[in-house]
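Take a look at the structure set out below.
The values are calculated or read from the model by the stated rules, or taken from the named source; none is laboratory data. All values derive from a computational prediction rather than experimental measurement. Here the Cβ is made from the backbone with ideal geometry for all residues, glycine too, and neighbour counts use every protein chain on show. Calculation scope for accessible area: heavy atoms of the full protein, side chains included, ligands and nucleic acids excluded. Shrake-Rupley method; radii C 1.70, N 1.55, O 1.52, S 1.80 Å.
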Amino acid sequence: MRFVFLLILIVFSFPADASMEDAIRAVQEGRNEDALREFHQYARAGNPVADYWIGTMHMQGRGVPKDIETAMRWFHKSARQDHAPAMVVLGRIHADGLNGKTNLNLARGWFDKAAKAGDHYAMLRMGEIYISGIGIKANPNIGIRYVKQAAKTGYPKAMHILGLAYLRGIGIAVDKQQGFYWLEKAAEAGFAPSLEVLKELTQ
């Protein structure tokens, strides 16, 4: 009996995964109506990835009228289920005023949540906020901690910024060895600005 139950789970789980992949592929191919139909099916089952994609389609006007407020409702639904990409988008909306009003406190809150959930882009944005003092008093020491976290995930841009920070002593003690180490890591990942900096420094 247990074997039959497990078999049922297996049989019904694979089509679901395949359909989600099909829905994402449909967006990429411009088949927006098909994609929305699939995403809504999964959203009704409480899938945060589907919520995120529906929000994205409303934000970009894919298959539906472009509507930032509707998009935000879907992103909030996804973010409440700890989906980091939705948190990042909410952070960008508030930081860049994409909904018609900038709110740096809300932006920082969403980026921080996404950073804690492991999103490297959010970590870097938090680093930028603290280093540059965007909406708060600048604190390069805290900012570099976020940049370090992002760099350790292998994010090339973060590795580049961390390398420069070590060379220039921004939020951290000057350490040329560490500076070259992180710039070389970014260059190995194909990050062009790091390649240019290393070329200039070794000439």
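Would you be able to say whether some residue in the range 91-106 is buried (at least 19 other Cβ atoms within 10 Å of the Cβ), closer than 17 Å to Ala117 by Cα and in contact with a Ser or Thr (Cβ under 8 Å, 6 or more places away or on another chain)? No, the conditions are met nowhere in the range 91-106.
For the range 61-81, a tally of residues being at pLDDT 95 or above and in contact with a Lys or Arg (Cβ under 9 Å, 6 or more places away or on another chain) returns 1. List every residue pair whose Cβ atoms lie under 6 Å apart, where the two residues are 6 or more positions apart in sequence or sit on different chains, the first residue falls within the range 45-61 and is of a type in the set (Phe, Trp, Tyr), and the second residue, located anywhere, is part of a loop (DSSP other than H, G, I, E, B). If the second residue must be part of a loop (DSSP other than H, G, I, E, B), the pairs left are Tyr52/His83. For the range 24-42, a tally of residues being among the β-branched types (Val, Ile, Thr) and closer than 17 Å to Lys77 by Cβ returns 0. Scanning the range 122-137 turns up no residue that is at positive phi and within 18 Å of the chain's Cα centre (by Cα). When Asp112, Asp82 are checked against the criterion of being without any contact (Cβ under 8 Å) to a residue 40 or more places away in the chain, more than 24 Å from Ala165 (Cα to Cα), surrounded by fewer than 21 Cβ atoms within 10 Å (Cβ to Cβ) and within 13 Å of the chain's Cα centre (by Cα), Asp82 stands alone in meeting it.
Just so you know, in the range 74-92 the residues that are among the basic types (Lys, Arg) and not in a loop (DSSP other than H, G, I, E, B) include one that is nearest to Asn105 (Cα to Cα), and it is Arg92.
Note on the range 171-182: residues that are farther than 19 Å from Pro140 by Cα and buried (at least 16 other Cβ atoms within 10 Å of the Cβ) amount to 1. Can you confirm whether the range 132-153 contains a residue that is in contact with a His (Cβ under 7 Å, 6 or more places away or on another chain) and open to solvent by 60 Å² or more (accessible area, probe 1.4 Å)? Yes: one or more hits.
Of the residues screened, His58 is not one that is part of a helix (DSSP H, G or I) and either open to solvent by 50 Å² or more (accessible area, probe 1.4 Å) or within 30 Å of Ile142 (Cβ to Cβ) (or both).
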